[in-house]
Structure formats: C-alpha cells, structure tokens
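Below is one structure, written out as structure tokens; comments come after it.
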C-alpha cells in the first residue's frame, strides 16, 4: 500500500515540526515542511503530494492567495489549517471558495495538538484512498424527483461540506416566501458556524441565521434558512427550532441524525433531505426514517463528493431515492426554493 504524501505549509517552525513529526509517526510521508506561500508555490507542483496542509494566515503570500495561484495549475487536495480569529475564519471561507477542499481549526492556546492530528489523520486517509473516476457518470434526471410541496429541506454535510454548501447556496439567487425552510447541519466546531452562516448569506443573497447557541427558540414564522450551531444539536418541534447540548452521535455534534428524527416528526412527507460529502454514516439512519415517512431523500454522488462516506451510507441502507452530482442537486434545490414551498 502506497504511503500518502503530505506537504505542511506554516510560518511557525515549531508548529511545522510538531505536526510533521506526529504525522510521520502515524505513517504519512511528510515530503516537505514549508515556511511560506512563496515556497509553497514553487515546491508543491514539483512535489505533487497527495495532500497539502496549509495555514491560512501567513506573512507575505497568505494561504488564500496561495490557494488561488496554485489552482491555476495544480489540482491536488488542500486542507486549510485555520485559526479561530475573525481574520482567520474570514480568510478560510474565501480560500475554500478559491479552491481549497476543506479546513480544520488549529488548537487554541492550552488545547492539545493531538486532537487536531487525530482529525487530520482520518481525513488524510479518506482523501488519499479515494479513487476518482476519470469522467462523471450520468445520473438520473432531476425530473424523477418531485420539486413541489415541501415545507422543509434538511441538508447534512461533513468533510468537504463548507465548500459544497457554498456552491449550492450561490445558485439560489435569493429566497423569498413562500419557500420551504432550509435547515443546514454541517459538522463544524463552535466558533465557526456564526461566520459560516454569514458566508452562506453573502453568496445566496438570502437571510441565513445560526440557531442561537444559548438555547433560545426560533419560531418558524421567523425562519427561512438556519445553520446548526457548532457544538450543539439542532432540535425541531412544531413551533420552531433551537440549539441543544448533548452527547455526540457517531462521534459528532451537531448530528444530522438527531435533526432528521425531529424533522420527520414535524414535517412528515413534506420534507426533503439532502446528504452531502462527509466521512462516516451520520444522517443515514435519520434519512431512512424520513424516507419511511414519505420524505424525499437525495444523496450526493461518488463522482462529485469529496468524501463519499455519508452519502454512501445513505445509499447502502436504502434511504436515498437518487444519487446526484452537486451540480444536479443545485439545480433541484434552486427549483424547490423558487417554486416548491407550501405557503
């Protein structure tokens, strides 16, 4: 089995050493540790690693500009390493839009680097074993799935989700009543979802809110598009939605399964479910339950998903009605949000 090759780009020599040594001990081949965007632009196309781990905030050419320039002539995997600062978070969303594949937060002061390395190792293994088809296979026509009569759409995602969701939301072109309520459950830590909601609002020209982390309820008449708060489950009832602390489900919080169980009870057959890219099987059991209640369930296809884990689980358990590329899902969602709502 080929050892996955990795390049680390960070202006801190101490951080580069610590991260590279930990990844090496876990069986990854760290072929270079680079101190700047300038070095990265010269070395990465030559080294052609499986994955690049890149700091977002660096002096000189920062991570955002490095991604922009690399994407002109290099298509390999890029995972951003983002600080929790406002600047770091803003630059992260912009870099994802420029072509980075995913991000992980850097540990705060006093937090263990091992937590980040655990998450990185899992993602690196998934990304490097992923064999993409040379061409995208044809999939079912969008006409085979209904586009009208929805009261709510729940979209669940994990690894690769921020970029995929930004692409979907950029196609919506504004959301005006009557439309289904759009509920987003993205596996994301606390401290990032407020700005993520703002980013989705910016690209969609629609009002997007993070459910209040303090547990306050959002009444349905005041809600159109909601993002689950990082570190909390998104709960629903007939009156509205709220953030609720709890145990991790499938190792994650927020969990798509938790929200889908509620959604099936509240919206029944007037519900649409979309399972996007991500590792693991969160969302599969909930999607199957929703399908059994008459909901429409769509899974992202293997050809477009960065990680075909969550969508695959939804397909294999029989929950998914169709498998579509992200582009096809975007066309369907645009039609649903324009004409598919129940007043």
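The values are calculated or read from the model by the stated rules, or taken from the named source; none is laboratory data. The shown structure was predicted, so the numbers you read here are calculated from the model rather than taken from an experiment. Here the Cβ positions follow ideal geometry from the backbone for every residue, glycine too, while neighbour counts run over all protein chains shown.
Evaluate the following for residue 291: is it surrounded by fewer than 24 Cβ atoms within 10 Å (Cβ to Cβ), out of contact with any strand residue (DSSP E or B) (no Cβ under 7 Å at 6 or more places or on another chain) and part of a helix (DSSP H, G or I)?
Spelling it out, it is not the case that residue 291 is surrounded by fewer than 24 Cβ atoms within 10 Å (Cβ to Cβ), out of contact with any strand residue (DSSP E or B) (no Cβ under 7 Å at 6 or more places or on another chain) and part of a helix (DSSP H, G or I).
How many of the residues making up region 171-205 are modelled with pLDDT under 90, surrounded by 16 or more Cβ atoms within 10 Å (Cβ to Cβ) and touching a strand residue (DSSP E or B) at 6+ places or on another chain (Cβ under 6 Å)?
1
Can you pull out every residue in region 236-269 that is more than 26 Å from residue 191 (Cβ to Cβ) and buried (at least 20 other Cβ atoms within 10 Å of the Cβ)? Working first, answer last.
Restricting attention to region 236-269, the residues satisfying the condition of being more than 26 Å from residue 191 (Cβ to Cβ) are 237-239, 261, 264-269.
Correct list: 264, 267.
One line per residue, one yes/no per condition, for (1) surrounded by 18 or more Cβ atoms within 10 Å (Cβ to Cβ); (2) at pLDDT 80 or above; (3) in contact with a strand residue (DSSP E or B) (Cβ under 9 Å, 6 or more places away or on another chain):
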residue	(1), (2), (3)
81	yes, yes, yes
85	no, no, no
88	yes, yes, yes
97	yes, yes, no
102	yes, yes, yes
107	no, yes, no
113	no, yes, no
123	yes, yes, yes
130	no, no, yes
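Checking the condition under 19 Å from residue 157 (Cβ atoms), touching a strand residue (DSSP E or B) at 6+ places or on another chain (Cβ under 6 Å) and either surrounded by fewer than 20 Cβ atoms within 10 Å (Cβ to Cβ) or at pLDDT 95 or above (or both), which residue from 320, 219 passes? Working first, answer last.
Values: 219 fails: under 19 Å from residue 157 (Cβ atoms).
Going through 320, 219 in turn, just one is under 19 Å from residue 157 (Cβ atoms), touching a strand residue (DSSP E or B) at 6+ places or on another chain (Cβ under 6 Å) and either surrounded by fewer than 20 Cβ atoms within 10 Å (Cβ to Cβ) or at pLDDT 95 or above (or both): 320.
For (1) assigned by TED's automatic domain parsing to the domain that holds residue 31; (2) under 20 Å from residue 40 (Cα atoms); (3) over 16 Å from the mean Cα position of the chain (by Cα), each residue gets a yes or a no:
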| site | (1), (2), (3) |
| --- | --- |
| 61 | yes, yes, yes |
| 64 | yes, yes, yes |
| 80 | yes, yes, no |
| 88 | yes, yes, yes |
| 98 | yes, yes, no |
| 101 | yes, yes, no |
| 104 | yes, yes, no |
| 116 | yes, no, yes |
| 123 | yes, no, no |
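Which condition number in (1) touching a residue at least 40 places away in the same chain (Cβ under 8 Å); (2) within 24 Å of residue 102 (Cα to Cα); (3) assigned to a helix (DSSP H, G or I); (4) out of contact with any helix residue (DSSP H, G or I) (no Cβ under 8 Å at 6 or more places or on another chain) is the one that residue 201 fails?
Only one criterion in (1) touching a residue at least 40 places away in the same chain (Cβ under 8 Å); (2) within 24 Å of residue 102 (Cα to Cα); (3) assigned to a helix (DSSP H, G or I); (4) out of contact with any helix residue (DSSP H, G or I) (no Cβ under 8 Å at 6 or more places or on another chain) is unmet by residue 201, namely (1).
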